[in-house]
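See structure below.
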Amino acid sequence: MKEKIYYLIVCLVLTYSAQAQLYGGIEIGSKGIKMTVLQVESIKRNTYDVKEFWTENVGIAAGIGIDGTLLKEDIDKAGGVVYNNYKKMLNEYKIEDKNIFIVASSGVGLATNTNDLVVKIKELTNKKIEIISSSLEAKLLLRGCIPPKNYLSSVIIDIGGGNTKGGYAKDINDASVFFPISCDLGTVTLTEIINKKCKQKTVFEFNENLFDYLPTMRESFKKMYTSRPESQDKSNVYISGGAAWAFYTLLNGAKAEENFTQVQYDDILAIRTIAENNYQRFVSSAESNVEMKKVLNTYQQKYLIAAFNLLETSLEVIPNIQSKKIFFAKQGQIAWLVSYVFDNAKGVKQIY
């Protein structure tokens, strides 16, 4: 009997090991280098967990503002950080070399000498890195933030600091083709627009001016969707970015346990109302809640108000929004890595 139980345990361990795999991602950004270790249990079912995530604050884009290039010393410094963390993933986390991916962000991609960085990383790791363009970011969001089975029935909306971006996929000649959408309004840019209209700089005045600006916001988002009319017809809407993270965390008092969690449109309206009229409620709750405190440390009240108005308005103008399913995609910051993992998997539909 004991032998049978032992045998069953061994079989279960071996089966799990065969299914679960570790993947590593290194993203070279303008202000830092981010590392992610992803444990994927099933790519087809899109079940994965972020095993580790850490950042090294190594700036690489200082030279871009001077003459449009990456400085050699910055490239060398970034190369050293990438190499050390690449070896860490190989040796400490035992990640297979083919499962480690290295990319550079679109901010770094603005430099005219990005090939120097590509060559440096190739010398150190024997890996060809990809420079992510701004046009690729939205596609990676869809591929990394939406379960593959829902690609064709969904639209992704990501509200960042500078803008709102997203898109959807469409089946054309048996191939899934990506169509991006975007709007030049983000949490920071909107806050700056409204602040410029305020004389006394109070929250009350900010709310008044933002209310007056809502028709302009609605028109901006309507243009975003009508530029690609099919984006309005999708039955699933996935939201990501800082505004979505702040909304979910303040609503639930905890970080999302699932990679994709369904949320209600009416809850977004409720959180926006609290941010505008009863912000102290968030402050009081955050005193004993670590996750909520992270949100308030990231966004001051005016930024939260701007974020939630953007989130609400970006959904409000979608026809029949109350009949659609809205999901919070918590892993927007590692969407590119999830996308690369999908690309490596057989049987997962590619998006062009």
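The values are calculated or read from the model by the stated rules, or taken from the named source; none is laboratory data. These figures come from a predicted structure and were not determined experimentally. Heads up, the Cβs are rebuilt from the backbone with ideal geometry, glycines too, and the neighbour counts pull from every protein chain shown.
Conditions: (1) at pLDDT 95 or above; (2) over 25 Å from PHE260 (Cβ atoms); (3) surrounded by 16 or more Cβ atoms within 10 Å (Cβ to Cβ). THR191 meets all but one. Number of the miss?
Condition (1) is where THR191 drops out.
Output the number of residues of region 46-63 satisfying the condition of being in a loop (DSSP other than H, G, I, E, B), touching a residue at least 40 places away in the same chain (Cβ under 8 Å) and surrounded by fewer than 15 Cβ atoms within 10 Å (Cβ to Cβ).
0
Look at PHE101 and say whether it is under 28 Å from CYS145 (Cα atoms), aromatic (Phe, Trp, Tyr) and either out of contact with any strand residue (DSSP E or B) (no Cβ under 9 Å at 6 or more places or on another chain) or at pLDDT below 90 (or both).
Spelling it out, it is not the case that PHE101 is under 28 Å from CYS145 (Cα atoms), aromatic (Phe, Trp, Tyr) and either out of contact with any strand residue (DSSP E or B) (no Cβ under 9 Å at 6 or more places or on another chain) or at pLDDT below 90 (or both).
Of the residues that make up region 174-187, is at least one exposed (fewer than 15 other Cβ atoms within 10 Å of the Cβ), part of a strand (DSSP E or B) and of a type in the set (A, V, I, L, M)?
Among the residues of region 174-187, at least one is exposed (fewer than 15 other Cβ atoms within 10 Å of the Cβ), part of a strand (DSSP E or B) and of a type in the set (A, V, I, L, M), which makes the answer yes.
With in a strand (DSSP E or B), of a type in the set (Ser, Thr, Tyr) and in contact (Cβ under 8 Å) with a residue 60 or more places away in the chain as the only criterion, which of TYR86, TYR168 stands out?
That would be TYR168, the only listed residue that is in a strand (DSSP E or B), of a type in the set (Ser, Thr, Tyr) and in contact (Cβ under 8 Å) with a residue 60 or more places away in the chain.
Go through (1) modelled with pLDDT of 95 or more; (2) assigned to a helix (DSSP H, G or I); (3) surrounded by fewer than 16 Cβ atoms within 10 Å (Cβ to Cβ) one by one and return the number of the condition ILE268 breaks.
(3)
ILE66 - would you say it is loosely packed, with under 15 Cβ neighbours inside 10 Å and either assigned to a helix (DSSP H, G or I) or of a type in the set (Ser, Thr, Tyr) (or both)?
yes
Looking at LYS170, is it crowded, with 18+ Cβ neighbours inside 10 Å and either in contact with a Leu (Cβ under 9 Å, 6 or more places away or on another chain) or of a type in the set (A, V, I, L, M, F, W, C) (or both)?
No; evaluated as a whole, the condition is false for this residue.
Any chance you could count how many residues in region 322-332 are surrounded by fewer than 18 Cβ atoms within 10 Å (Cβ to Cβ) and among the small types (Gly, Ala, Ser)?
Qualifying residue count, region 322-332: 1.
Among the residues of region 322-336, count how many are in a helix (DSSP H, G or I) and either over 27 Å from ASN99 (Cα atoms) or in contact with an Asp or Glu (Cβ under 8 Å, 6 or more places away or on another chain) (or both).
Looking only at that region, the number is 4.
May I ask you to verify whether LEU141 is touching a helix residue (DSSP H, G or I) at 6+ places or on another chain (Cβ under 7 Å), of a type in the set (A, V, I, L, M, F, W, C) and over 15 Å from ALA78 (Cα atoms)?
yes
Can you spot a residue in region 311-327 that is of a type in the set (Gly, Ala, Ser) and farther than 30 Å from LEU22 by Cβ?
Yes: region 311-327 contains one or more residues that are of a type in the set (Gly, Ala, Ser) and farther than 30 Å from LEU22 by Cβ.
Please go through region 3-51 and pick out each residue that is more than 22 Å from SER133 (Cβ to Cβ), modelled with pLDDT under 85 and among the small types (Gly, Ala, Ser).
SER17, ALA18, ALA20, SER42
Looking only at region 198-221, count how many residues are loosely packed, with under 13 Cβ neighbours inside 10 Å and part of a helix (DSSP H, G or I).
6
When you scan region 89-120, how many residues do you find that are touching a residue at least 60 places away in the same chain (Cβ under 8 Å) and within 19 Å of LEU136 (Cβ to Cβ)?
Final tally of qualifying residues: 8.
Here's a check for you: in region 222-234, which residue that is outside any helix (DSSP H, G or I) and among the charged types (D, E, K, R) is surrounded by the fewest Cβ atoms within 10 Å (Cβ to Cβ)?
Among them, the one singled out is ASP233.
Which of the helices (runs of 4 or more DSSP H) contained wholly in region 273-321 include at least 1 residues that are surrounded by 16 or more Cβ atoms within 10 Å (Cβ to Cβ) and among the small types (Gly, Ala, Ser)?
Those helices (runs of 4 or more DSSP H) span 279-286, 301-316.
If the Cβ limit is 8 Å and pairs must be 6+ apart or interchain, which residue in region 67-80 that is among the basic types (Lys, Arg) pairs with which residue that is buried (at least 20 other Cβ atoms within 10 Å of the Cβ)?
Every condition considered, the pairs that remain are LYS77/ILE60.
Give the residues of region 235-253 that are outside any helix (DSSP H, G or I) and farther than 18 Å from THR313 by Cβ, sorted by residue number.
Passing the criteria: SER235, ASN236, GLY253.
Report yes if GLN301 is more than 30 Å from SER235 (Cβ to Cβ), in contact with a Phe, Trp or Tyr (Cβ under 9 Å, 6 or more places away or on another chain), modelled with pLDDT of 90 or more and of a type outside the set (A, V, I, L, M), otherwise no.
The answer is yes for GLN301.
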